[in-house]
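The values are calculated or read from the model by the stated rules, or taken from the named source; none is laboratory data. Keep in mind that this is a model prediction, so the values were computed, not measured. Neighbour counts run over all protein chains shown; Cβ positions are idealised from the backbone, glycine included. Surface accessibility is based on the protein's heavy atoms, side chains included, excluding ligands, DNA and RNA. Shrake-Rupley method; radii C 1.70, N 1.55, O 1.52, S 1.80 Å.
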Amino acid sequence: MRAADIEEVKSAAFAFGLGDLTQRPRAVAQAWSNVVYRVDTTKGTFAIKLFAPAMSHAQQRRLRRGMALERRVLETGLIPVPAPVLRQGDWIVELPGTTEPRLVRSHEWVFGEPAHRPLDHALIEQAGTYLGRLHAMHHVAGDTSQLPHLDLNRWNRAVQSATQHGHRFAADLSHLTPLVQSLAADLDELRRQRRPMRLSHGDYDPKNTVISEAGQLVVTDWDYAGPVLADVELIVSATSFAETDDAVLDFVLAYRAAGGDALHADSLAMTAELADLDWLLRNVEASSRPDQTETIHERTVRDLIASLPADVESLRAWPSRLSNAVGAGPPSRCTRQPTQ
């Protein structure tokens, strides 16, 4: 826990008018550039998120877009989300920062437990219901021509760097190159087809949900919501929340009952998810920095390399599996009411 972060958290608590701190802030989650703290104050318990210092204009626009969707979802009352804290009508505060300006947000704390698989049947149905309600809002967001290319130059540089540094995973990484090239070609074809996309959560899985003390899923981390292929998000989310075929089907049935209208994606559509190799490449690049030895980055790379071919095969197979199970339209089996 960096001392500079603690000072910025204190500044954020003051800026949002959260009251005086009653104990030291506790870090509860950290990504590559953002960190979340739990803050207990005289006015209650809150989450404070510190974004990366000096965010680019493009990153700030993306953040604002995500918050706009979060605001619409909050207004409907159909999907439980943490209550954001307002300051002068806005959900963002810019702090001077210790070295560069830094944006921060705050939400009321959700008391409960982070969601982890295996989830029980009721929670899987809740998850499907909430995604169905979200997709039923029909927020149009362009088409697949806006999907970013898979950067083969970056991939080749990563393979070369791993080889030069003598990493044990270098050969296995290199062996994935034909698969990555195939994904890049499929992604370019998907971009050319200009399939319609819609605005959605974009990372809807258990790590971005909390099970409240009342046993209800609360959907968190809307900051980077953006354009998705609804068909793809349905499959990726269902297979993230559910571990068995029957549980995936329950998720999809609840989704349809709640008004979700995504059809079954085809194999090509799944490329929108499969071609996102940024997490793998970030860890490869981090493992090759001069100050790195055997770190969590290398272990993560080895795990991702081992799982990628199987993940590609599995996700490409799911469209036909779901089509066989429930058909292309609303399934006749779907007689249950959406979980509240």
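Tabulated results
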item: Which numbered condition R168 fails, given (1) closer than 20 Å to V301 by Cα; (2) open to solvent by 40 Å² or more (accessible area, probe 1.4 Å); (3) touching a residue at least 60 places away in the same chain (Cβ under 8 Å); (4) part of a helix (DSSP H, G or I); result: (4)
item: Residue count, region 171-191 (criterion: touching a residue at least 24 places away in the same chain (Cβ under 8 Å), assigned to a helix (DSSP H, G or I) and open to solvent by less than 30 Å² (accessible area, probe 1.4 Å)); result: 6
item: Where a residue in region 286-309 is farther than 13 Å from F169 by Cα and of a type in the set (A, V, I, L, M, F, W, C) and its partner, wherever it lies, is open to solvent by less than 60 Å² (accessible area, probe 1.4 Å) and modelled with pLDDT of 90 or more, with Cβ under 7 Å and at least six apart; result: L308/L176
item: Matching residues in region 257-272 - criterion: being part of a helix (DSSP H, G or I), farther than 19 Å from V140 by Cα and open to solvent by 10 Å² or more (accessible area, probe 1.4 Å); result: A257
item: Matching option when the condition is among the aliphatic types (A, V, I, L, M), at pLDDT 95 or above and in a helix (DSSP H, G or I), among A47, A4, A68; result: A68
item: Positions within region 248-273 being over 15 Å from R191 (Cα atoms) and acidic (D, E), in sequence order; result: D250, D261
item: Verdict on P101 being touching a strand residue (DSSP E or B) at 6+ places or on another chain (Cβ under 6 Å) and surrounded by fewer than 14 Cβ atoms within 10 Å (Cβ to Cβ); result: yes
item: Candidates L119, L78, L74 - the one that is touching a Lys or Arg at 6+ places or on another chain (Cβ under 6 Å) and either open to solvent by 20 Å² or more (accessible area, probe 1.4 Å) or part of a loop (DSSP other than H, G, I, E, B) (or both); result: L78
item: Residue that is farthest from A225 (Cα to Cα), among those in region 135-160 that are among the polar types (S, T, N, Q) and touching a helix residue (DSSP H, G or I) at 6+ places or on another chain (Cβ under 7 Å); result: S145
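One line per residue, one yes/no per condition, for (1) more than 21 Å from S212 (Cβ to Cβ); (2) of a type in the set (S, T, Y); (3) touching a Cys at 6+ places or on another chain (Cβ under 9 Å):
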residue	(1), (2), (3)
V35	yes, no, no
D40	no, no, no
K49	no, no, no
A68	yes, no, no
T98	yes, yes, no
